[in-house]
Amino acid sequence: MRWMSFALTQPQMRARTKSVTRRLGWRFARAGLETLAVSKSQGRKKGEKPEVFGVVRHIDIRREPLFSITPEDVVAEGFPHMTCAEFIAMFCEHNRCDEFIVLTRMEFEFRCENCKQYGTIRVDGMGSWLCASCGCWYDRETGTIEGVDGVNWPPKVGT
Ligand SMILES: [Zn+2]
């Protein structure tokens, strides 16, 4: 499975409050693609292991210019306190591009590692993740599945 790094939105991925990402690459990606979401996939030091946020499935993928982002998508990107202009400025600074660049907009959902169902994990009022499909829940600090035996999650990944 291909890795996808979320270096700038680690808290959002940890809390599962992010469901859309914009990428300069990934032109080959099509709906249904599954990736392992990690904190860092390139430029790691020897022995340095990335944090695994989960397996995600990309349910909607399209190419569009950066400037066409909507307020709803800024929230879905994990920046509820930003305006579109602020998001565009941040993106351009990090990626050294301008607002006219055409990128890959990818909407995704998380997989439950107990029942392997997608899109069923919801964050409850206490901030825990609950799977509406199988009823398991996840420790919000570590991502470990609670109340279920025999599930090894999060996975240990190599270097
Ligand atoms: Zn489940």
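Tell me the label-point distance for the pair residue 64, residue 117, using the 7 Å Cα-to-Cβ offset, in nm and rounded to one decimal.
The modelled label-to-label distance comes out at 2.9 nm.
Treating the beta-carbon of each Lys and Arg as +1 and of each Asp and Glu as -1, no other charges, what is the dipole magnitude of segment 2-110 about its Cα centre, to the nearest 20 debye?
Details: 18 positive and 14 negative charges, 146 e Å.
Using only the charged Cβ atoms, the result is roughly 700 debye.
Within 9 Å, Cβ to Cβ, of residue 92, how many net charges do the neighbouring residues add up to if Lys/Arg are +1 and Asp/Glu are -1? Don't skip to the end; give the middle numbers.
Working: positive: 96; negative: 93, 98, 99.
In short, -2.
Mind listing which GluC sites (Glu not before Pro) in segment 2-82 are in a DSSP loop and have 11 or fewer other Cβ atoms within 10 Å? Intermediate values should be presented prior to the final figure.
Details: sites: 34, 48, 51, 72, 77; in loops: 48, 51, 77.
Of the GluC sites (Glu not before Pro), the ones in loops of segment 2-82 whose Cβ has at most 11 other Cβ atoms within 10 Å are 48.
Ranking request for peptides 102-108, 117-123: highest mean number of other beta-carbon atoms within 10 Å first, then the rest in descending order. The partial results should precede the final answer.
Working: 102-108: 19.6, 117-123: 15.4.
Taking the mean over residues of other Cβ atoms within 10 Å, the ranking is 102-108, 117-123.
For a Förster distance of 22 Å, can you work out the FRET efficiency between the beta-carbons of residue 1 and residue 101, rounded to the nearest 0.05? Write down the numbers at each step before the final one.
On the way: r = 28 Å, r/R0 = 1.25.
The pair residue 1/residue 101 has a calculated efficiency of 0.20.
In segment 1-93, which chymotrypsin sites (Phe, Trp or Tyr not before Pro) are in a loop and have at most 12 other Cβ atoms within 10 Å, using DSSP for the loop call? Don't skip to the answer; put the middle values down first.
Numbers: sites: 3, 6, 26, 28, 53, 67, 87, 91; in loops: 6, 26, 28.
Within segment 1-93, the qualifying chymotrypsin sites (Phe, Trp or Tyr not before Pro) (loop, at most 12 other Cβ atoms within 10 Å) are 28.
Among 43, 102, 12, which residue has its Cα furthest toward the positive end of the charge dipole of segment 1-146, with +1 on Lys/Arg Cβ and -1 on Asp/Glu Cβ?
43
Would you mind computing the Rg to Rh ratio of the chain from its alpha-carbon coordinates, Kirkwood style for Rh? Don't jump to the answer; show the numbers that get you there.
Values: Rg = 16.1 Å, Rh = 16.6 Å.
Ratio of gyration radius to Kirkwood radius for the chain: 0.97.
Every read-out reported here was derived from the displayed coordinates using simple, explicitly stated rules and does not represent laboratory data. The shown structure was predicted, so the numbers you read here are calculated from the model rather than taken from an experiment. All Cβ positions, glycine included, derive from the backbone under ideal geometry; neighbour counts span all protein chains shown.
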